[in-house]
Amino acid sequence: MITSQPSTPWWSPVTPAATEQHGGSLPFAALMTFLFITVVSPQSWFPALASLRLAMLAAVVAAVGLLADRLAHGGSVAAWTRETWLALGLFVWAVATVPFSYWPGGSVSLITDTYAKTLIVFWLLGIVVDTRERFRFTLWMLTLTAIPIAVTAVHHFMTGEYFPPSAKNEQRIMGYLGPLAGNPNDLALTLNLILPFTLTLLFTSRGRAVRLFLVGIALVDAMAVVMTWSRAGFVTLATTLALTCWRLAKRGRPGWAVAMLVLALVAVPLFPAGYVDRLATMRDIDDDPTHSAQTRWSDTIAAAEFVLAHPLAGAGAGQNILALNEQRGAKWKMVHNVYLEYAVDLGLPGLVLFLLILYYNAAAVRRVRRLAAAAEPSGEIVFMAEGLQTSLVAFSLAGIFHPVAYHPYFYYIAGLGVAMQTMAQRWPDTTSGS
C-alpha cells in the first residue's frame, strides 16, 4: 500500500516540518549547555563553579524538559533505533555482570557515575537534535569547544609546559584542564573526533570570513594533535585528511583536496624535532626508547589471553586493571584498547554488543547519506553525513589505542548518528512507499 508522504523531501533547506521543534527549545538549550560544560569544563578554570554541578544540572533540565514536552504533546521519549536498543542491552549486560566482577563496588561506581551519564546524553542527542538547524548548531558548538583545547595545547608546547620528566625520558605537553582532554592522548582524540565536523561546516558555510575562521580552527586543531606527540593521534589525523580529500575529489571539488594535501606536505618539514622518529616506532615497537609501545603490546597480549580464559562475564565493568594484574603482574595499568576493554570487562557478549552498535550506527548514517545524495548530491545533509562517517572511522581507528570504552567520546558521535535517523524518519523521501 502506498502511504501518503510530504510533498518536500526532509533534507530540503526549508520545509514546514523542519520548522517544528518536537523536542522543545528548553531541552535543546540545556543539552547544548551540557556539551559546552563537559568539553570546555569552565569549572576547571573557575573552581567556584564546581560546587554548582552545572553539567548535571544541565543534563537534568534537558531530560526533565524532554519528558515534560512528551507528556504535554505526545510522542516517543526515545529514538528507538537498533543502536538505542543495543546500547540499552549493553548497559543491562554490564549491570548483570556486576556479581561476577573482580571488584563489584568499583563496577557499580563506574556504571552509575560514568556509563549511565554517557548513555543519557546519547539518548538525549538522538531525540532532541531533531532538525537540520539543530544539527548544524550542534556541529558549531562542538567546533567552538575545540578552540580552547587546541589553543591550550599549542600554548603548552610553545612555552614548554610538559609533564615532569620520568624514567621514560619522554617529554609530553600537559593536557587540558577538562576531563575529556586531561592528558595529551585524550586531547588528541577529542580534537580528532571534532575535526570532521569543523570541516563539514567549512564546506557548507557561506562567506569568506566564516570560512577563513573555520580554516583557522582546523589548522590549530591539527597543529595541536601533532604537538601532543600522540602516535594514535597522528594516524587518526592522517586518516581524516585522506578520507576528506578522497571524498572532495570524488564529488568534483579537487581544489579543496589539493589545497589540503599541499598544506599537509608543507607541514611535514615543520614537525618538531624527533617527531618522525617517534612515529617510526609504530613500524618497529622495539625501537621505542620510552618502552611505551612495548608495554602496550605486552598488555594487549595479556588482555587477549584473559579473554580466551574468561569469554563470558569477564572481570566486570572497569576492572580490566585487576584482570591484567592477575594475568601479567601488578602494574596497575588499563588496557589501551576500547575493544579489548569491553572484552576483558564484559566478556565476548559485551564486545559483540558494542561492535553491533558501531556497525549499525555507521550503516544508518551511510543509508541517510545515500538517500540525501540521490535528491541533492551537494546538499548540506550529505556533508553532515560524511562528517559523521569520518568521525566514526576516526574513533574506530583510535579505539585501538585508547581506554575510553565507557566515556562519552564514541557515544556523542553515535548520538548524532541516531539524531540523523530521527530527522530521516520525520521527513521521509517522497519516493518512498510500499
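The values are calculated or read from the model by the stated rules, or taken from the named source; none is laboratory data. Note that the structure is predicted; figures quoted are calculated from it, not measured. Virtual Cβ from ideal backbone geometry, glycine too; neighbours counted across all protein chains shown.
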(message) Every residue in the stretch 41-66 that is in a loop (DSSP other than H, G, I, E, B) and surrounded by 13 or more Cβ atoms within 10 Å (Cβ to Cβ), please.
(response) 41, 53
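Suppose we keep only residues that are of a type in the set (D, E, K, R) and either outside the structural domain of residue 215 (by TED's automatic domain parsing) or buried (at least 17 other Cβ atoms within 10 Å of the Cβ) (or both) within the stretch 238-262. Which one would you say is modelled with the lowest pLDDT?
As a first pass, look at the stretch 238-262 and keep what is of a type in the set (D, E, K, R): 247, 250-251, 253.
Going one step further and asking which of them are either outside the structural domain of residue 215 (by TED's automatic domain parsing) or buried (at least 17 other Cβ atoms within 10 Å of the Cβ) (or both), we end up with 247, 251.
Working: 247: 89, 251: 78.
Of everything passing the filter in the stretch 238-262, 251 is modelled with the lowest pLDDT.
If you check 6, 27, which single one turns out to be under 22 Å from residue 424 (Cβ atoms) and at pLDDT 90 or above? Break it down into steps so the answer makes sense when it comes.
Values: 6 fails: at pLDDT 90 or above.
Unique residue meeting the criteria: 27.
Is it the case that the stretch 189-207 has a residue that's over 30 Å from residue 423 (Cα atoms) and either in contact with a Cys (Cβ under 9 Å, 6 or more places away or on another chain) or in the same structural domain as residue 222 (by TED's automatic domain parsing) (or both)?
The answer is no; no qualifying residue exists.
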(request) State the number of residues belonging to the stretch 29-40 that are touching a helix residue (DSSP H, G or I) at 6+ places or on another chain (Cβ under 7 Å) and surrounded by fewer than 20 Cβ atoms within 10 Å (Cβ to Cβ). (result) 2
(request) Could you look through the stretch 124-133, keep only residues that are surrounded by 21 or more Cβ atoms within 10 Å (Cβ to Cβ) and assigned to a helix (DSSP H, G or I), and pick out the one that is modelled with the lowest pLDDT? (result) 132
(request) Please work out which one of (1) over 21 Å from residue 132 (Cβ atoms); (2) modelled with pLDDT under 90; (3) among the aliphatic types (A, V, I, L, M) is the condition residue 90 fails and give its number. (result) (2)
(request) Scan (1) more than 15 Å from the chain's Cα centre (by Cα); (2) not assigned by TED's automatic domain parsing to the domain that holds residue 185 for the single condition residue 376 breaks and write down its number. (result) (2)
